[in-house]
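Working notes, structure below.
The values are calculated or read from the model by the stated rules, or taken from the named source; none is laboratory data. Keep in mind that what you see is a predicted model, and the values were worked out from it rather than measured. Ideal geometry is used to build each Cβ from the backbone, glycine not excepted, and the neighbour counts take in all protein chains shown. Heavy atoms of the whole protein, side chains included, go into the accessibility calculation; ligands, DNA and RNA do not. Shrake-Rupley method; radii C 1.70, N 1.55, O 1.52, S 1.80 Å.
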Amino acid sequence: MNILAIDTTTKIAAVSILNQNKIYNNFIDNEITHSEKLLPLIDKTLNDANLKLKDINMFACINGPGSFTGIRIGLSTLKAFSQVYKQDIFSISSLSLIGYSTYILENLETIYSINFIDARNDRVYYNITKVYKNETNKIIIEEVFPTSNDIIDDAISNIISFISTNHIDMNLLHISGNATKKFREKLIKVSPNMHDFYPNTDTLIHAIENISNIKNYLFNAFSLDAMYARPSQAERMQKNG
């Protein structure tokens, strides 16, 4: 299977293509130019893999929460491809993919991954995922605490309350994401097991090959929606007059 995977949720636009068990990668570190650079970046990666868009069997993206503009650009591009070439789009939230990445990193039977993304101004996007393998050795990602956007202190309070109420084993807790370093002194109260990273398009392709119920993550040009977790600034301003 030939897979074209993109991520435009951060200031880094990344493209990966799987072709005959080899992955080809390219990226650009400039959020301002995503609208200008994403298509040339895809074209370059296709050339590296000696493929054309018509050769792609599945498109894939890391969905929000993240950069509103970046998410729109990435999803609009893949939806256009999907409509033209009649191929599915694999879409997974950045937070769930962080949970998946943590599970692969830890190599444990079951984990509860508390996933954080820096939303700036002391705010974070976050959720909690339970990650484990089923009887066929495929990985299941369950969002046991819904994706939210809060000030970091409120997020930690909500998480601690959830952990206590549900009697979750502290040894199974891991905290991951690109906000862990910034808020380490606060997050250490929840768990000392911390990983500072953001998932990439290589991991996205890995997830496609290894997670269970892949149909739950497949969309077409009309059914795929952005995962914002919080209205955009323009939407908030419009709502507030």
Kirkwood-based Rg/Rh on the Cα set of the range 1-80 evaluates to 0.95
Note, Asp118: beta-carbon cut-off 10 Å, +1 each Lys/Arg, -1 each Asp/Glu, net +3
With a Förster distance of 30 angstrom and the Cβ-Cβ distance between Asn21 and Phe222, calculated FRET efficiency to the nearest 0.05 equals 0.40
For the range 107-176, listing GluC sites (Glu not before Pro) in a DSSP loop whose Cβ sees at most 16 other Cβ atoms within 10 Å gives Glu109, Glu135
With label points set 7 Å from each Cα along the Cα-to-Cβ direction at Tyr85 and Asp202, the distance between them in nm comes to 2.3 nm
Phi angles of the range 14-27, converted by Karplus (6.51 cos²θ - 1.76 cosθ + 1.60, θ = phi - 60°) into ³J(HN,Hα) in whole Hz with x for Gly and Pro, give 10, 9, 10, 10, 9, 9, 6, 6, 10, 10, 10, 10, 8, 8
Contact order relative to length for the chain, counting C-alpha pairs under 8 Å separated by 6 or more residues, stands in percent at 21 percent
With +1 on the Cβ of every Lys and Arg and -1 on the Cβ of every Asp and Glu, the dipole magnitude of the chain about its Cα centre, in debye rounded to the nearest 20, is 440 debye
Length-normalised contact order of the range 32-116, Cα under 8 Å, at least 6 apart, in percent, tallies to 28 percent
Expressed as a percent, the accessible surface of the chain that is carbon or sulfur, using a 1.4 Å probe and the full set of protein chains, is 47 percent
The Cα radius of gyration of the range 64-128, divided by 2.2 N^0.38 Å with N its residue count, comes to 1.39
Note: Asn121 to Lys11 extended length (0.36 nm per residue) minus current alpha-carbon separation gives 37.9 nm
Calculated from DSSP helices alone, with each H run of at least 4 adding -39500 (n - 2.57) and the total divided by the residues of the chain, [θ]222 nm to the nearest 500 comes to -10500 deg cm²/dmol
Ordered by number, the trypsin sites (Lys or Arg not before Pro) in the range 18-96 that occupy a DSSP loop and have at most 14 other Cβ atoms within 10 Å are Lys52, Lys86
The rounded separation in angstrom of the Cα centers of the range 179-226 and the range 2-16 is 14 Å
In nm, the gap between the two label points placed 7 Å beyond Cα toward Cβ at Ser157 and Lys182 is 2.0 nm
Ordering Arg184, Arg123 by the accessible surface of their heavy atoms, 1.4 Å probe, largest first, yields Arg184, Arg123
Taking a straight Cα-to-Cα line shorter than 18 Å from Lys138, and setting aside same-chain lysines fewer than 8 residues away, one finds Lys130, Lys215
Dividing the alpha-carbon radius of gyration of the range 161-210 by 2.2 N^0.38 Å, where N counts its residues, gives 1.40
The value for the chain (convex hull of the alpha-carbon atoms, volume per residue, Å³) is 134 Å³
Extension length gain for Ile214 and Ile104 (0.36 nm per residue less Cα distance), in nm, is 37.9 nm
